[in-house]
1. Can you tell me which residues in the stretch 32-59 are buried (at least 18 other Cβ atoms within 10 Å of the Cβ) and either without any contact (Cβ under 8 Å) to a residue 12 or more places away in the chain or within 18 Å of residue 18 (Cβ to Cβ) (or both)?
2. Out of 169, 99, 155, I need the residue that is in a loop (DSSP other than H, G, I, E, B) and modelled with pLDDT of 75 or more. Which one?
3. For the stretch 3-20, does any single residue satisfy the condition of being touching a residue at least 40 places away in the same chain (Cβ under 8 Å), assigned to a helix (DSSP H, G or I) and out of contact with any strand residue (DSSP E or B) (no Cβ under 9 Å at 6 or more places or on another chain)?
4. Assuming residue 71 fulfils every condition listed in (1) within 17 Å of residue 18 (Cβ to Cβ); (2) out of contact with any helix residue (DSSP H, G or I) (no Cβ under 9 Å at 6 or more places or on another chain); (3) in contact (Cβ under 8 Å) with a residue 60 or more places away in the chain apart from one, which condition is it?
5. Among residues belonging to the stretch 80-102 that are touching a strand residue (DSSP E or B) at 6+ places or on another chain (Cβ under 8 Å) and under 23 Å from residue 140 (Cβ atoms), point out the one that is surrounded by the most Cβ atoms within 10 Å (Cβ to Cβ).
6. State whether one or more residues within the stretch 57-64 are modelled with pLDDT of 80 or more, at positive phi and not in a strand (DSSP E or B).
7. Considering only the stretch 114-151, state which residues are under 15 Å from residue 26 (Cα atoms) and touching a strand residue (DSSP E or B) at 6+ places or on another chain (Cβ under 9 Å).
8. Tell me whether the stretch 115-132 contains one or more residues that are in a strand (DSSP E or B) and in contact with a helix residue (DSSP H, G or I) (Cβ under 9 Å, 6 or more places away or on another chain).
């Protein structure tokens, strides 16, 4: 339901991880309007959830956080961060076994949702096998990016215009997490 609402917006979904109390999305908003899209997703999902469970009130704490990604290196590192998040949080035994992430489709599973865009990230990585190796093995640059994302106030922009000729602008977003979960919340593109 939540991902269906995201897919209905004017955004491209390039990766996701749904956690117990927050979410991570790697998205690109080609026509802008990221804030409006996330406002609609948050309010519609909350209304539907509350109606279904006969409750009221907010589901997510605060406004989503985001940072613009301006280089291929950072795009790959953020994708890795999102796909490793359930493993790092201790709620999955492996990256591929986490049920509420897009990782399995990046690793080659069939029947990916039509709204999930995997090819750009896989191409930048150098193919599926190279992407899997990148996600599965320690990488100092990816760890550096993860530390930036784990900060209470991550940077608004990840990468620099000099890092990439492609200038790819996808965005990862997440709601403001509770203090106890702050270390597992990705924030990547426009707060």
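1. Hits for the stretch 32-59 are 37, 38, 41, 42, 45.
2. So the residue among 169, 99, 155 that is in a loop (DSSP other than H, G, I, E, B) and modelled with pLDDT of 75 or more is 99.
3. So far as the stretch 3-20 goes, yes, one or more of its residues are touching a residue at least 40 places away in the same chain (Cβ under 8 Å), assigned to a helix (DSSP H, G or I) and out of contact with any strand residue (DSSP E or B) (no Cβ under 9 Å at 6 or more places or on another chain).
4. Residue 71 satisfies all of (1) within 17 Å of residue 18 (Cβ to Cβ); (2) out of contact with any helix residue (DSSP H, G or I) (no Cβ under 9 Å at 6 or more places or on another chain); (3) in contact (Cβ under 8 Å) with a residue 60 or more places away in the chain except (1).
5. By that ranking, first place goes to 83.
6. Checking the stretch 57-64: at least one residue is modelled with pLDDT of 80 or more, at positive phi and not in a strand (DSSP E or B).
7. Passing the criteria: 115, 116, 117, 118, 120, 121, 145, 149.
8. yes
The values are calculated or read from the model by the stated rules, or taken from the named source; none is laboratory data. From a predicted model like this one, the values you see are computed outputs, not experimental measurements. Positions of Cβ are backbone-derived with ideal geometry, glycine not excepted, and every protein chain shown enters the neighbour counts.
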